[in-house]
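This report refers to the structure that appears directly beneath it.
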Amino acid sequence: MNQDFSPDRAACGFARDIPLVLDAGEAAALRAGARVGISAAHESAHLHVAGAAPYVDDVPEAAGTLHAALAPSPVASGVLRSIDRAALLAMPGVVAVLTAADIPGANDCGPVIHDDPILADGTLRYRGQPVALIVATARDLARLAAARIGPCLDIEPATPVLTAREAYARGDALLPPASLIRESAPGALTAALAAAPHRLGGQFSLGGQEQFYLEGQIAYALPTENQGLRVLCSTQHPSEMQHLIAHALGWRSHQVLVECRRMGGGFGGKESQSGLFACCASIAAARLGRPVKLRLDRDDDFIMTGRRHPFEYDYDVAFDDDGRITGIEATLIANGGHSADLSGAVMTRALCHLDNAYYLPEVAINGFVARTNTQSNTAFRGFGGPQGALLIEIVMDRIARHLGRDPLAVRRANFYGVASRNVTPYRQTIEDNVVAALVDELVAQADYQGRVAAVAAFNRSNSVLKKGIALTPVKFGISFNVPHLNQAGALVHVYADGSVLVNHGGTEMGQGLNTKVAQVVADALGIGFAAVRCSATDTSKIANTSATAASTGADLNGMAARDAAMTIRNRLADFAAARHGGEAADVQFANDVVRVSGIALAFATLVRQAYEARVQLWSDGFYATPKVHWNPKGLHGRPFYYFAYGAAASEVIIDTLTGEVSLLRADILHDAGRSLNPAIDIGQIEGGFIQSMGWLTTEELVWHATDGRLLTHAPSTYKIPTANDCPAALHTRLFDNPNTEPTIHRSKAVGEPPMLLAFSVLLAIRDAIAATGGPGADPDLRAPATPEAVLDAIASLDAIRP
Amino acid sequence: MSGIETMGSEATGPRMRVTLTVNGADHDIQLDPRTTLLDALREHLGLTGTKVGCNHGTCGACTVHIDGRRQLSCLMLAAAAAGSAITTIEGLAGADGAPHPMQAAFVAHDALQCGYCTPGQIMSAVACVAEGHAGSDDEIREYMSGNLCRCAAYPNIVAAVREVAGSTMAEAA
């Protein structure tokens, strides 16, 4: 390989010796010096394929490391009178058995509201709740002792509340109920509902979703000097872990260093809920003065942590002869589980996404977060947004069937306008609406109308197998709903040899954040990818970070890293002009070469000269998203800096005798703005689509109806998609649409919006089921659409068939 | 069985001596006879490329090769692997360090996101091709369905396996 600076050298990825595989357009852009908009392989790809990318459990253990396990409550509700530790302490290898009384600081790992005990404090709230922390010389010995907790507990059991509907009926909420109301005049919604030519009401039921990150929850706490801890944790939120650990120990933040190089998946499950494990490992390590690792077994992970909130809905919608909605009232009941966790913000996002891509003139949306004796539900990719938006798509489908119209025509009739009909229920004016043009392009790309006719023809000649097709749009708001979270920091070091290290506050969970940030830095400095290295997220490098969540990772950290890199570039340009002549503004950085005043020199050469001239070659960077503001009481403002759009068309076939469903083909068109990395973005889009399809079709959570046991607590009983569940035909394209706002290189966030694309699968199944009934058939299909749910929905049509 | 010697009981339970042949090298280790091959690789030999996913044989993250055949290492006792040739992700590259074609294909096709399932996917994929079960995309999807990828990088995983299998079958759209 050419070791001189040259475009060829730059054509390598983050692994020095692996050339990039690019199409002709990207290859030409790369040769011309571009480093963004390039499908660079993931910065750790060469490590992952070699098994050489360490996760927390892969880091060699320090001498004297102890292992912890959590002992679960055997009941879903009750009073914990006492724990007799003697029998457990007598077991082989057991070093300590710690309970709530042993926590020196706050017994709480609640991220917002302090209602979430680390270890049960006398009240038992769900089956599986940690009641004791067992520390032993080996993981198996700790787990063995934890499994023997039952006879050690003196419990007065109570009857648990296990469903959201039951808690709603009792008025038992974790948070004050919220209502998002927007009317043209007081009473206008009631009038619209009363005066409508058409009105539909109903209920809908939507299941939760286990994150099922392949790498389970893990934390490894190592004592450091002067009452300090270094904690390796698989977490999306190192700063939150730092705060929770400090509170639990009664310490200050500067005593705790939390580090995360990468996660084996997060999906929201490691935003707040890594806290329990970070705190437990830290409490034990601080008390015993030894390193303590807590790695959860998969089943324990299921029974101890929460997941995507299941939702129940009541709705009442009015519409005209074209299917255009004139008013809608909806109540969203989320199962929050036993504690608030992030449920308040999840519900806010659900309320703010019920509109999806549609203008709702008169609207009232009520949110109720039910308290139940189950795991505390939390963030999961989309964070309530998908739960809000799915309802309106069900409503669109029902309106179309009621009127006997094409569901796509009804959707189009309701799309937000560009110059009018463009204000959301939370009073943000949409300034970047492209949904109509995007859907038109997908309709053509997917030959949607032709295939609707083909599906109908198939259904006329087949009685057992039925096909269905649906096309659904996506509009998803980007930014944290809480404005102050929209900030990020970064640190860029240019070493004297010209190599570059970048650190930022975001965490890598597979979404390619480090890759994108490194591309941004390489682009700013005009250097090759191999010259840039990312390091672990570390609370001692960037302080007060936000969670890597709400799809904002690249938007926030990319801008912060660019700020830092541009500061250094400007210093280098000033120096180059002073040393070699010309104007600083005319100095060019590209392909590892700096051009100044008619001469070209290697980037590393200029860096060396600048170092010797005492130019500062490292810088911090900072970014705060402009324009966003939010009134949390009135639920209005501009919570989102911009919107991301998309659409998907899916075609399914169902077996009406078994309820089996198969996705035959999916066509996706998605707006990632001006993509920083098309390959990574397409991976996010397809991955999100398939993951969401799992949520809506096969991933069913079942709790025992009376004792509250989670019965689906492993992949043996909880079915996430496999390769074989993917359609034979999956066509994914990026919609060319540079962000109207000056985001990082005009890109758009891409983590969560694709979760809405898979609504098309559920609605295609609904379409296929409707084909088993007569004209106007409108099946009652719950989600997930398991074979049982499909058969129930077919039966719902049989029951009303004349 | 060759390579096994049972030891007397110790404070932590019975121990046995086992010789495991991993990636061409013999390793003499003492372990609890109940130790899985997965734990032996990770905790006794420091070969952490093989990942812990579900610990009961339903996710595929711990896939290794035993005498060339794919095996879930969480479902096999280490003792049962004595005398066999064990290959892990760390042993897949060529003697010169060049990546195995399947490893290169996974990089080229972006067949990973978080990377945690990747070693198991690659071990399974190499075996899938060797078994002759990579003749079409449908067949690849079926024979790779024991390896879960929660990021759902499946379309790219299938593309990587297809490339290595040399299959030129284009699936009808």
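Consider the stretch A:405-441. How many of its residues are open to solvent by 20 Å² or more (accessible area, probe 1.4 Å), hydrophobic (A, V, I, L, M, F, W, C) and assigned to a loop (DSSP other than H, G, I, E, B)?
3
Scan B:131, B:43 and give me the residue that is in the same structural domain as residue B:146 (by TED's automatic domain parsing) and farther than 30 Å from residue A:685 by Cα.
Details: B:43 fails: in the same structural domain as residue B:146 (by TED's automatic domain parsing).
Checking each option against the conditions leaves just B:131.
Suppose we filter A:34, A:27 for residues that are more than 10 Å from chain B (Cβ to nearest Cβ), open to solvent by less than 50 Å² (accessible area, probe 1.4 Å) and free of Cβ contacts under 8 Å to residues at least 60 places away in the same chain; which single one remains?
On the way: A:34 fails: free of Cβ contacts under 8 Å to residues at least 60 places away in the same chain.
Unique residue meeting the criteria: A:27.
Against the condition among the polar types (S, T, N, Q), within 8 Å of chain B (Cβ to nearest Cβ) and crowded, with 20+ Cβ neighbours inside 10 Å, how does residue A:722 come out, does it pass?
Details: among the polar types (S, T, N, Q): yes; within 8 Å of chain B (Cβ to nearest Cβ): yes; crowded, with 20+ Cβ neighbours inside 10 Å: yes.
So residue A:722 passes the test.
Count, please, the residues in the stretch A:442-481 that happen to be farther than 15 Å from residue A:666 by Cα and open to solvent by 30 Å² or more (accessible area, probe 1.4 Å).
Matching residues across the stretch A:442-481 total 11.
So, in the stretch A:630-679, how many residues would count as being open to solvent by 30 Å² or more (accessible area, probe 1.4 Å), out of contact with any His (no Cβ under 7 Å at 6 or more places or on another chain) and assigned to a strand (DSSP E or B)?
Total meeting the criteria: 9.
Taking the stretch A:751-802 on its own, how many of its residues are polar (S, T, N, Q) and either outside the structural domain of residue A:443 (by TED's automatic domain parsing) or open to solvent by 10 Å² or more (accessible area, probe 1.4 Å) (or both)? Lay out the reasoning, then the answer.
Initially, the stretch A:751-802 is screened for residues polar (S, T, N, Q), giving A:760, A:772, A:786, A:796.
Going one step further and asking which of them are either outside the structural domain of residue A:443 (by TED's automatic domain parsing) or open to solvent by 10 Å² or more (accessible area, probe 1.4 Å) (or both), we end up with A:772, A:796.
Residues meeting the conditions: 2.
Can you tell me how many residues in the stretch A:754-779 are touching a Leu at 6+ places or on another chain (Cβ under 9 Å) and more than 23 Å from residue A:462 (Cβ to Cβ)?
Of the residues in the stretch A:754-779, 3 are touching a Leu at 6+ places or on another chain (Cβ under 9 Å) and more than 23 Å from residue A:462 (Cβ to Cβ).
So the check is Cβ under 8 Å with 6+ separation or different chains; which pairs have a first residue in the stretch A:433-451 that's over 16 Å from residue A:413 (Cβ atoms) and assigned by TED's automatic domain parsing to the domain that holds residue A:646 and a second one that's open to solvent by 50 Å² or more (accessible area, probe 1.4 Å) and basic (Lys, Arg)?
Listed pairs, sorted by first residue: A:445/A:733.
Among the listed residues A:392, A:399, A:365, which satisfies the condition of being at pLDDT 95 or above, open to solvent by less than 10 Å² (accessible area, probe 1.4 Å), part of a strand (DSSP E or B) and not hydroxyl-bearing (Ser, Thr, Tyr)?
Unique residue meeting the criteria: A:365.
Return the pair list, or none, for Cβ contacts closer than 7 Å from residues in the stretch B:144-156 that are more than 7 Å from chain A (Cβ to nearest Cβ) to residues that are open to solvent by less than 30 Å² (accessible area, probe 1.4 Å) and outside any loop (DSSP other than H, G, I, E, B), at least 6 apart or on different chains.
Partner pairs satisfying both residue conditions: B:146/B:124; B:147/B:63; B:147/B:120; B:147/B:121; B:147/B:124; B:149/B:121; B:149/B:157.
Can you name every residue in the stretch A:576-588 that is surrounded by fewer than 22 Cβ atoms within 10 Å (Cβ to Cβ) and outside any loop (DSSP other than H, G, I, E, B)?
A:577, A:578, A:579, A:580, A:584, A:585, A:586, A:588
Tell me, which residue of the stretch A:164-191 that is among the hydroxyl-bearing types (Ser, Thr, Tyr) and open to solvent by 70 Å² or more (accessible area, probe 1.4 Å) is farthest from residue A:311 (Cα to Cα)?
Step one: list which residues in the stretch A:164-191 are among the hydroxyl-bearing types (Ser, Thr, Tyr), which gives A:168, A:179, A:184, A:190.
Then keep just the ones that are open to solvent by 70 Å² or more (accessible area, probe 1.4 Å); that gives A:168, A:184, A:190.
Details: A:168: 12, A:184: 29, A:190: 25 Å.
Among residues in the stretch A:164-191 that are among the hydroxyl-bearing types (Ser, Thr, Tyr) and open to solvent by 70 Å² or more (accessible area, probe 1.4 Å), the one farthest from residue A:311 (Cα to Cα) is A:184.
Answer with yes or no whether residue A:562 is basic (Lys, Arg), without any contact (Cβ under 8 Å) to a residue 60 or more places away in the chain and outside the structural domain of residue A:382 (by TED's automatic domain parsing). Working first, answer last.
Values: basic (Lys, Arg): yes; without any contact (Cβ under 8 Å) to a residue 60 or more places away in the chain: no; outside the structural domain of residue A:382 (by TED's automatic domain parsing): yes.
No.
Only one of these is open to solvent by less than 40 Å² (accessible area, probe 1.4 Å) and touching a residue at least 60 places away in the same chain (Cβ under 8 Å): B:54, B:59, B:74. Name it.
From the options B:54, B:59, B:74, the qualifying one is B:59.
Would you pick out the residues in the stretch A:487-508 that are surrounded by fewer than 23 Cβ atoms within 10 Å (Cβ to Cβ) and under 30 Å from residue A:424 (Cα atoms)?
Result: A:487, single match.
From A:146, A:158, grab the single residue that is away from every other protein chain (no Cβ under 14 Å), more than 22 Å from residue A:219 (Cβ to Cβ) and open to solvent by less than 70 Å² (accessible area, probe 1.4 Å). Even if it seems obvious, please write down each step before you answer.
Details: A:146 fails: more than 22 Å from residue A:219 (Cβ to Cβ).
Of the residues listed, the single one that is away from every other protein chain (no Cβ under 14 Å), more than 22 Å from residue A:219 (Cβ to Cβ) and open to solvent by less than 70 Å² (accessible area, probe 1.4 Å) is A:158.
I'm told residue A:71 meets every condition in (1) away from every other protein chain (no Cβ under 14 Å); (2) more than 27 Å from residue A:713 (Cβ to Cβ); (3) assigned to a strand (DSSP E or B) except one. Can you identify the failing condition by its number?
(2) is the only condition that residue A:71 fails.
Say whether the condition of being within 30 Å of residue A:721 (Cα to Cα), within 12 Å of chain A (Cβ to nearest Cβ) and either open to solvent by 40 Å² or more (accessible area, probe 1.4 Å) or modelled with pLDDT of 95 or more (or both) is met by at least one residue in the stretch B:17-37. Full working, then the answer.
Step one: list which residues in the stretch B:17-37 are within 30 Å of residue A:721 (Cα to Cα), which gives B:36-37.
Right, trim to within 12 Å of chain A (Cβ to nearest Cβ) and you get B:36.
Pick out the ones that are also either open to solvent by 40 Å² or more (accessible area, probe 1.4 Å) or modelled with pLDDT of 95 or more (or both) and you get B:36.
The answer is yes; a qualifying residue exists.
Quick one: which of B:126, B:158 is part of a helix (DSSP H, G or I) and more than 27 Å from residue A:752 (Cβ to Cβ)? I'd like the intermediate steps shown before the answer.
On the way: B:158 fails: more than 27 Å from residue A:752 (Cβ to Cβ).
Checking each option against the conditions leaves just B:126.
Quickly run through the stretch A:219-275 and pick out the residues that are surrounded by 24 or more Cβ atoms within 10 Å (Cβ to Cβ), touching a Gly at 6+ places or on another chain (Cβ under 9 Å), of a type in the set (D, E, K, R) and more than 14 Å from chain B (Cβ to nearest Cβ).
Hits for the stretch A:219-275: nothing passes.
Since residue A:307 meets every condition but one in (1) more than 26 Å from the chain's Cα centre (by Cα); (2) under 22 Å from residue A:74 (Cα atoms), which condition does it not meet?
That leaves (1) as the condition not met.
Looking at (1) facing another protein chain (nearest Cβ under 7 Å); (2) open to solvent by 20 Å² or more (accessible area, probe 1.4 Å), which is the only condition residue B:107 fails?
Answer for residue B:107: the failing condition is (2).
Can you tell me which of A:731, A:704, A:713 is farther than 30 Å from residue A:430 by Cα, open to solvent by 20 Å² or more (accessible area, probe 1.4 Å), within 14 Å of chain B (Cβ to nearest Cβ) and at pLDDT 95 or above?
Details: A:731 fails: farther than 30 Å from residue A:430 by Cα; A:704 fails: within 14 Å of chain B (Cβ to nearest Cβ).
None of the other options fit; the residue is A:713.
Would you check if there is a residue in the stretch A:318-334 being in the same structural domain as residue A:436 (by TED's automatic domain parsing), crowded, with 24+ Cβ neighbours inside 10 Å and part of a helix (DSSP H, G or I)?
no
Of everything in the stretch A:472-497 that's touching a Lys or Arg at 6+ places or on another chain (Cβ under 7 Å) and assigned to a loop (DSSP other than H, G, I, E, B), which residue is modelled with the lowest pLDDT?
Of everything passing the filter in the stretch A:472-497, A:481 is modelled with the lowest pLDDT.
From the residues in the stretch A:423-445 that are within 27 Å of the chain's Cα centre (by Cα) and of a type in the set (S, T, N, Q), which one is nearest to residue A:351 (Cα to Cα)?
A:424
The values are calculated or read from the model by the stated rules, or taken from the named source; none is laboratory data. Everything numeric here is computed off the predicted structure, so don't read it as measured data. Virtual Cβ from ideal backbone geometry, glycine too; neighbours counted across all protein chains shown. All accessible areas refer to the heavy atoms of the entire protein, side chains included, with ligands and DNA or RNA removed. Shrake-Rupley method; radii C 1.70, N 1.55, O 1.52, S 1.80 Å.
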